[in-house]
Amino acid sequence: MLVTLNDILPAAQKEHYAVGLFNTIDSDMLEGAISAAEELRSPIIIGTAEVLLPYGELSLIAPSVIAAAKRATVPVVVHYDHGLTFDRCIEALKLGFSSIMFDGSAGDSKENLAATREIVKIAHSFGASVEGEIGHVGEADAGDNDASDLYTTPTDAVDFVNNTGVDALAVAIGTAHGAYVTRPKLDIERLKDIRGALDTPLVLHGGSGLSDEDFKNTIANGIAKVNIFTDLCVAGLDAVRNAAGSYLDVRNKKVEAIKEAVKKKMILFGSNGKA
């Protein structure tokens, strides 16, 4: 069933588990993710990000993703991740995405706040939920995930939520996107402070590559949504490299590997059995 973040994240926050966002740029990844959720009876968030559109155009993949969500036997949020431009966010809403993330965190903070507020008004009129971001979540291969002066502060988080009305907030506490070059240093005390200051569900970006202990620690201290993509790519690529047989045999092994990677994360996040 197609739902929004507001239908699944409050329960995750209250019961101290997290729901995974698994970006799916093609039908193979989509099949693996949905089948994992149905097998484990877990809510799930699927979708794509603006930086991934060269590998799966929005208007092409949206119908299949939304159809898969509607016919699923578990709650599925179709989320447009890291929307960088106003036009693309609106396109995602028109195509039927039930949730969007507007990411203006790399620019001026006042402009980010104003733009996010406008996106929230529009998305809510579509019945969709909105995730915003404040602070800087870097790129792992650039080694810029340790710039603590760019981390989210509790004061800024409260101000951002109060002035935008976002339904979920991505916070910067030391993670980065992509495969890590060095182990991230997570600021759990900062996360605790933000959680204590806000009721809004919190989101962890740059999840791929964190240790199991890192995930458990962040979820126990307030994270309700975790973004995963790189780990799925690695699982699928390894399966293809090691597979033998026909094209269809290789394809099926890739789907199964992605499914198992998603299941592993769901169990780790504690969302299994919550649908």
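The values are calculated or read from the model by the stated rules, or taken from the named source; none is laboratory data. All figures in this text were calculated on a predicted structure; none of them were measured in a lab. Note that we place each Cβ from the backbone using ideal geometry, even for glycine, and neighbour counts take in every protein chain shown. All accessible areas refer to the heavy atoms of the entire protein, side chains included, with ligands and DNA or RNA removed. Shrake-Rupley method; radii C 1.70, N 1.55, O 1.52, S 1.80 Å.
Of all the accessible heavy-atom surface of the range 1-108, with the other protein chains kept in place and a 1.4 Å probe, what percent is carbon and sulfur? Roughly 57 percent, rounded to a whole number. Placing pseudo-labels 7 Å out from each Cα toward the beta carbon at residue 163 and residue 59 gives an inter-label distance of 3.6 nm. By the rule of a C-alpha distance below 18 Å, with chain neighbours fewer than 8 residues away ignored, the aspartates and glutamates paired with residue 185 are 139, 141, 144, 146, 149, 193, 212, 213, 214. With a Förster radius of 25 Å applied to the C-beta separation of residue 267 and residue 14, the computed FRET efficiency comes to 0.80. Spin-label model, residue 153 to residue 252: label points 7 Å out along the Cα-to-beta-carbon direction sit 5.7 nm apart. Couplings 3J(HN,Hα) of the range 248-256, computed from phi: 5, 4, 5, 4, 5, 5, 5, 4, 5 Hz, in residue order, whole Hz [Karplus 6.51 cos²θ - 1.76 cosθ + 1.60, θ = phi - 60°; x for Gly and Pro]. Across the range 78-84, computed HN-Hα scalar couplings (Karplus, 6.51 cos²θ - 1.76 cosθ + 1.60, θ = phi - 60°) run 9, 10, 8, 8, 6, x, 9 Hz from first to last residue, x flagging Gly and Pro. Taking a straight line from the alpha carbon of residue 263, these lysines sit under 19 Å away, with near neighbours fewer than eight places off in the same chain left out: 216, 225, 253, 254, 274.
Rounded to the nearest whole Å³, what is the per residue volume of the convex hull around the Cα atoms of the range 1-111?
Taking the convex hull of the Cα positions in the range 1-111, it is 106 Å³ per residue.
For residue 226, the residues whose modelled amide H falls within less than 5 Å of its own, excluding neighbours fewer than 5 places apart on the same chain, are 19, 20, 21, 204. Close amide H partners of residue 80, meaning residues 5 or more places away or on another chain with modelled amide H under 5 Å apart, are 99, 100, 101.
Global dimensions of the chain from alpha-carbon coordinates: Rg and Dmax equal 17.4, 56 Å.
The helix-based estimate of mean residue ellipticity at 222 nm for the chain, built from -39,500 (n - 2.57) per DSSP H run of four or more residues and divided by its residue count, is -15500 deg cm²/dmol to the nearest 500.
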